[in-house]
Ligand SMILES: C[S@@+](CC[C@H](N)C(=O)[O-])C[C@H]1O[C@@H](n2cnc3c(N)ncnc32)[C@H](O)[C@@H]1O
């Protein structure tokens, strides 16, 4: 996938969106279901990494509001700035998850909601494998994607021309299990953003755990 002027393609798109993205994909029970799933299973005060944390709402807002220590990473400064203002109880860093070093077993949970789609397939596989290492044994990992089998497809997202790569649901789940995580739950739904003429789009949320013993062969 090409980098534009040395910048990540996702940064170019999301720098043009900022809070417009949050308004279009508004907070809702449906959006909070996955952070709530993490909260129900882990004690308060856990360390959570939010990959592609956007404007901080609803994910970091929900988790930090419950007392968790949240680190949000995002490649777009226009997303990071409002996140830091809107969720002062969390820490946000301008960083590209593809080349951010993170210590082994340094988080209790990792979530990554819709933040992989501007990466190549190989990059998505590498990024999905990262939580399997940076979450502690027994920790939880919650990735979500738009489960579409497309590679470097041209599209216009909220008025911004971009290229999107995705996996079908089975292949995306395979990335997660291939990284050594055990999938505990899978939620498929359709969501219609609050945009003129928007159509319902598929969504896949996975909830996984780093097992006590690595699968054989690892
Ligand atoms: C579709 S938005 C989703 C934001 C938030 N996770 C949510 O669910 O509302 C994707 C976010 O991932 C960020 N992102 C994309 N690629 C990234 C990368 N390589 N490293 C860090 N953040 C990235 C984008 O800048 C954007 O803020």
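All of the numbers you see were taken from the coordinates with simple rules; none came from a lab. A quick note: this is a predicted structure, and the numbers were derived from the prediction, not measured. Note that each Cβ is placed from the backbone with ideal geometry, even for glycine, and that neighbours are counted across all protein chains shown.
Under the rule a/c < 1.5 gives rounded, and otherwise a/b versus b/c splits prolate from oblate, where does the stretch 45-123 land using the Cα gyration tensor? Intermediate values should be presented prior to the final figure.
Numbers: a/c = 1.85, a/b = 1.25, b/c = 1.48.
Note, shape of the stretch 45-123 comes out oblate.
Restricting to the stretch 9-209, what percent of DSSP beta bridges are antiparallel, rounded to 5? It would help to have the intermediate numbers written out before the result.
Numbers: 18 of 36 bridges.
Given both bridge residues lie in the stretch 9-209, the antiparallel proportion sits at roughly 50 percent.
Ranking 42, 117, 19, 63 by Cβ neighbours within 10 Å, fewest first, what do you get? Could the numbers behind the result be given before it?
Values: 42 19, 117 22, 19 15, 63 28.
Listing 42, 117, 19, 63 from fewest to most nearby Cβ atoms yields 19, 42, 117, 63.
With a/c under 1.5 counting as rounded, go ahead and sort the stretch 100-218 into rounded, prolate or oblate using the C-alpha gyration tensor (a ≥ b ≥ c being the square roots of the eigenvalues; past the cut-off, prolate if a/b is larger than b/c, else oblate).
prolate
Please work out whether the chain counts as rounded, prolate or oblate from its C-alpha gyration tensor, where a ≥ b ≥ c are the square roots of the eigenvalues and a/c under 1.5 means rounded, while otherwise a/b larger than b/c means prolate and anything else oblate?
In terms of gyration-tensor shape, rounded.
What FRET efficiency, computed as 1/(1 + (r/R0)^6) with R0 = 41 Å and r the Cβ-Cβ distance, is obtained for residue 91 and residue 190, rounded to the nearest 0.05?
0.80
Over the chain, calculate the relative contact order: mean separation of alpha carbon pairs under 8 Å at least 6 apart, over the residue count, as a percent. Write down the numbers at each step before the final one.
Details: 443 pairs, mean separation 38.9, N = 218.
Dividing the mean separation by the residue count of the chain yields 18 percent.
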